[in-house]
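J.: Let me begin by handing over the structure; questions about it come next.
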Amino acid sequence: LGREPANLFLEPVFKYLSGKTILVTGGGGSIGGELCRQIIKYKPKLLIILDVYENTAYSVQQTLMRNGYTNFDVVIVSVCDVKQMEAVFEKYRPEIVYHAAAHKHVPLMEDSPAEAIKNNVFGTKTLAGVADRHHVKRFVMISTDKAVNPTNVMGATKRMCEMIVQSFDRKSETEFVAVRFGNVLGSNGSVIPLF
């Protein structure tokens, strides 16, 4: 890194999650999966691990089971599928949503911009709309530093996602927020191994 790592005191943040029903989209991915592994330690009422890709969701499921956790369900569905998302929210009634599902690989999204827009932008719009209609207490979108004055398709789609979240926050009872991460060490799409 060229510097000392920043150590954060996250205990109060995670204690807030205790006893709540929490949904993590992209829950099988590197960032979403790590969120799931951290959240489960703080005894949520139920953790819903949602992903479109069953292999990584299965891996997170097996890790949690090996560590003795049982208060979670895995749901395989796309955040772009409004009917399925409505069914998930109707069944589980999540109080908190962490939206980590997104296409994140910058060069691949340059080659597939329509897919980046479909998954990132329309997936976020669909999910935010469902969260709003189901009166979710808090919706946290995981964004990226590439959304700042974006110079690539992926960054531009994530900036659009932030704007969607800001728009919903102005009119909804749900608290909508976005948090930007830089290159998360060990995450899928991190540029550090390439460098």
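J.: Of Arg93, Arg66, which has the most accessible area with a 1.4 Å probe, and how do the rest follow in descending order? Intermediate values should be presented prior to the final figure.
T.: Working: Arg93 125, Arg66 175 Å².
The ranking, largest first, comes out as Arg66, Arg93.
J.: To continue, here is another question. Of the listed values [x] 1.24; [y] 1.07; [z] 0.99, identify the label whose number matches Cα Rg over 2.2 N^0.38 Å calculated from this model.
T.: Among [x] 1.24; [y] 1.07; [z] 0.99, the one derived from this structure is [z].
J.: Using a 1.4 Å probe, what is the accessible area per residue for the range 34-117, in Å²?
T.: On the way: 4570 Å² over 84 residues.
Per-residue value: 54 Å².
J.: Also: Heavy atoms only, probe 1.4 angstrom, no DNA, RNA or ligands counted: give me Tyr16, Tyr92 ranked by accessible area, highest first.
T.: Details: Tyr16 65, Tyr92 35 Å².
Reading off the accessible areas and sorting them downward yields Tyr16, Tyr92.
J.: List the residues, sorted by chain then number, that are 5 or more residues from Lys20 or on another chain and whose placed amide H is less than 5 Å from its amide H.
T.: Under 5 Å from the amide H of Lys20 lie the amide H atoms of Lys45, Leu46, each far enough along the sequence or on another chain.
J.: Follow-up. Rounded to the nearest 0.05, what FRET efficiency is calculated for Glu4 and Thr63 with R0 set to 30 Å and r the Cβ-Cβ distance? Please list the in-between numbers first.
T.: Numbers: r = 29 Å, r/R0 = 0.95.
Taking R0 as 30 Å, the efficiency between Glu4 and Thr63 is 0.55.
J.: Once label points are set 7 Å from the Cα along Cα→Cβ at both Phe14 and Ser112, what is their separation, rounded to one decimal in nm?
T.: Placing both labels 7 Å beyond Cα along the Cβ direction yields 3.3 nm.
J.: Taking a quarter of the surface of the Cα convex hull of the range 13-65, what do you get in nm²?
T.: So the Cα hull casts an average projection of 3.2 nm².
J.: By how many nm would the segment from His135 to Gln38 grow when fully extended, if each residue of separation counts as 0.36 nm and the alpha-carbon distance is taken off?
T.: Working: separation 97, 0.36 × 97 = 34.92 nm, distance 2.45 nm.
Extending this stretch completely gives an extra 32.5 nm.
J.: On to the next question. Could you work out what % of the accessible surface of the chain is carbon and sulfur, using a 1.4 angstrom probe and leaving DNA, RNA and ligands out of the count? Don't skip to the end; give the middle numbers.
T.: Details: 5780 of 10570 Å².
Solvent-exposed carbon and sulfur of the chain make up 55 percent of the total.
J.: Size of the dipole of the range 40-159 about the Cα centre, Lys and Arg at +1 and Asp and Glu at -1 on the beta carbon, nothing else charged, in debye to 20?
T.: On the way: 16 positive and 12 negative charges, 105 e Å.
Around 500 debye, computed over the range 40-159.
J.: Right, next: Can you tell me what percent of all Cα-Cα pairs in the range 30-130 are more than 18 Å apart?
T.: 50
J.: Which pairs break 26 Å Cα to Cα here: Lys15/Lys104; Lys41/Lys158; Lys83/Lys118; Lys41/Lys146; Lys104/Lys171; Lys45/Lys137?
T.: Numbers: Lys15/Lys104 29 Å; Lys41/Lys158 29 Å; Lys83/Lys118 16 Å; Lys41/Lys146 30 Å; Lys104/Lys171 28 Å; Lys45/Lys137 15 Å.
Where the Cα-Cα span goes over 26 Å, the pairs concerned are Lys15/Lys104; Lys41/Lys158; Lys41/Lys146; Lys104/Lys171.
J.: Under 19 Å from the 7 Å Cα→Cβ point of Asn55, by amide nitrogen: which residues of the range 98-124?
T.: Those under the cut-off are 101-106, 108-109.
J.: Report the calculated FRET efficiency for Asp145 and Lys45 (r = Cβ-Cβ distance, R0 = 45 Å), to the nearest 0.05. Mind dumping the intermediate values first?
T.: Working: r = 33 Å, r/R0 = 0.73.
Once the sixth-power term is evaluated, E becomes 0.85.
The values are calculated or read from the model by the stated rules, or taken from the named source; none is laboratory data. Note that the structure is predicted; figures quoted are calculated from it, not measured. Because the Cβ atoms are built from the backbone with ideal geometry, glycine has one as well, and the counts that use them run over all protein chains shown. The protein model used for the area step is the full one, side chains on, heavy atoms only, and it has no ligands, DNA or RNA in it. Shrake-Rupley method; radii C 1.70, N 1.55, O 1.52, S 1.80 Å.
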